[in-house]
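The values are calculated or read from the model by the stated rules, or taken from the named source; none is laboratory data. These numbers come from a predicted model, not from an experiment. A quick note on method: Cβ atoms are made from the backbone with ideal geometry, for glycine too, and the neighbour counts reach across all protein chains shown. Heavy atoms of the whole protein, side chains included, go into the accessibility calculation; ligands, DNA and RNA do not. Shrake-Rupley method; radii C 1.70, N 1.55, O 1.52, S 1.80 Å.
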Amino acid sequence: MIEIRWHGRGGQGAKTGAHLFAMAALESGRSVQAFPEFGPERSGAPVQAYDRIDERPIRRRDAVTTPDAVVVLDPSLLREVDVAAGLRPGGLLLVNTDRRPEDIRAQLGVGGTVLCVPGNSLAAEVGGRHANVVLLGALAAALGEPPLPALEQAASDLLGEKLGSAALEPALASLAAGYRYLAGEDAGRRVACLA
C-alpha cells in the first residue's frame, strides 16, 4: 500500500490534489482512498488530505500517520507544521519551492528523498494559477504512477465541470509541466537530494 499525506492551506487544493491522484489510480485499476482532514478552519489555515493506493481493497479508515510520500503545497508550512512527522525511512518529501533540497533537508532533518518543484513558477509559465496540479504531476512522476494520461483524464473529469473548458487547458498544461519536471524531460532544471 502507498500512503500519501498532502499539506496545504485552505483553498490551495490539497483536497483536490488527493482526489485527482486517487481518481487516476482508480482509472489504472487500483483500490483507492482519498479524504481531507479539517475542522472549522478558514481559508488559509493549515489542512491535510490523504491518499491510500493498493492492489487489494483498502479496509483502513484512519488518518495517514506514516506516509510513504508527503506533498507540501505551501513552503511556509515548513516553519509551522511538522510536515515530515512519521515519514517512512526512505520516503519522499515533495515541496512546492524554488529552494534547494539540501536546504529543506537541513531545515527539517529528514532522510529519504527530498524533491523541490517550483510549482507556482511552472504553473505561471503555462498560463495556470494552481500549484497543486503541478505538484500532482510531479508526485506521479516521482512515484512512477499513475500514468500521465490517467491524471489528465481525472483532471478533465473533475476540473472540467468545476473550472469550465477555458480554465481546464491551463490546468492540464500545469499538470503536464509538473510531470515533465520530474520525469526526466526537464532534467536540467530539477535537483534532488537523496538519502
Any residue in segment 21-39 that's among the β-branched types (Val, Ile, Thr): show its pairings with residues that are surrounded by fewer than 20 Cβ atoms within 10 Å (Cβ to Cβ) at Cβ separation under 6 Å, as long as the two are six or more apart or on different chains.
VAL32/LEU26
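Select from segment 162-189 the residues that are part of a helix (DSSP H, G or I), closer than 20 Å to GLU125 by Cα and of a type in the set (D, E, K, R) and list them in ascending order.
Narrowing segment 162-189 to residues part of a helix (DSSP H, G or I): 162-163, 165-183.
Next cut, closer than 20 Å to GLU125 by Cα only: 163, 165-183.
Of everything in segment 162-189, those that are part of a helix (DSSP H, G or I), closer than 20 Å to GLU125 by Cα and of a type in the set (D, E, K, R) turn out to be GLU169, ARG180.
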Read through the list (1) out of contact with any Gly (no Cβ under 9 Å at 6 or more places or on another chain); (2) assigned to a helix (DSSP H, G or I), then give the number of the only condition that VAL83 fails.
(2)
Output the residue which, of all residues in segment 124-134 that are of a type outside the set (Val, Ile, Thr) and touching a residue at least 12 places away in the same chain (Cβ under 8 Å), is most open to solvent (accessible area, probe 1.4 Å).
ARG129
Return a yes/no flag: does segment 94-109 have any residue that is within 11 Å of the chain's Cα centre (by Cα), within 24 Å of TYR179 (Cα to Cα) and not β-branched (Val, Ile, Thr).
yes
Only one of GLY44, GLY90 is assigned to a loop (DSSP other than H, G, I, E, B), in contact (Cβ under 8 Å) with a residue 24 or more places away in the chain, closer than 20 Å to GLY119 by Cα and over 16 Å from the mean Cα position of the chain (by Cα), namely GLY44
Number of the condition not met by ALA45 [criteria: (1) closer than 22 Å to PRO149 by Cα; (2) open to solvent by less than 50 Å² (accessible area, probe 1.4 Å)]
(1)
Using the structure shown, decide if ALA142 is more than 14 Å from GLY17 (Cα to Cα) and either touching a Ser or Thr at 6+ places or on another chain (Cβ under 7 Å) or surrounded by 24 or more Cβ atoms within 10 Å (Cβ to Cβ) (or both).
no
Count - residues of segment 1-25 that are open to solvent by less than 10 Å² (accessible area, probe 1.4 Å) and out of contact with any strand residue (DSSP E or B) (no Cβ under 8 Å at 6 or more places or on another chain)
2
Regarding ALA84, is this residue touching a helix residue (DSSP H, G or I) at 6+ places or on another chain (Cβ under 6 Å), farther than 26 Å from ASP157 by Cα and either free of Cβ contacts under 8 Å to residues at least 60 places away in the same chain or not β-branched (Val, Ile, Thr) (or both)?
yes
Quick check, is LEU159 touching a Gly at 6+ places or on another chain (Cβ under 7 Å) and either open to solvent by less than 50 Å² (accessible area, probe 1.4 Å) or not in a helix (DSSP H, G or I) (or both)?
no
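Which is over 20 Å from ALA22 (Cβ atoms), among the small types (Gly, Ala, Ser) and open to solvent by less than 40 Å² (accessible area, probe 1.4 Å), of GLY137, GLY112? It would help to see each step written out before you state the result.
Working: GLY137 fails: over 20 Å from ALA22 (Cβ atoms).
Only one candidate passes the filter, namely GLY112.
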Just a yes or no: is a residue in segment 69-81 crowded, with 19+ Cβ neighbours inside 10 Å and farther than 25 Å from PRO118 by Cβ?
no
So, of the residues in segment 53-68 that are surrounded by 12 or more Cβ atoms within 10 Å (Cβ to Cβ) and touching a Ser or Thr at 6+ places or on another chain (Cβ under 8 Å), which turns out to be farthest from ALA84 (Cα to Cα)?
ILE58
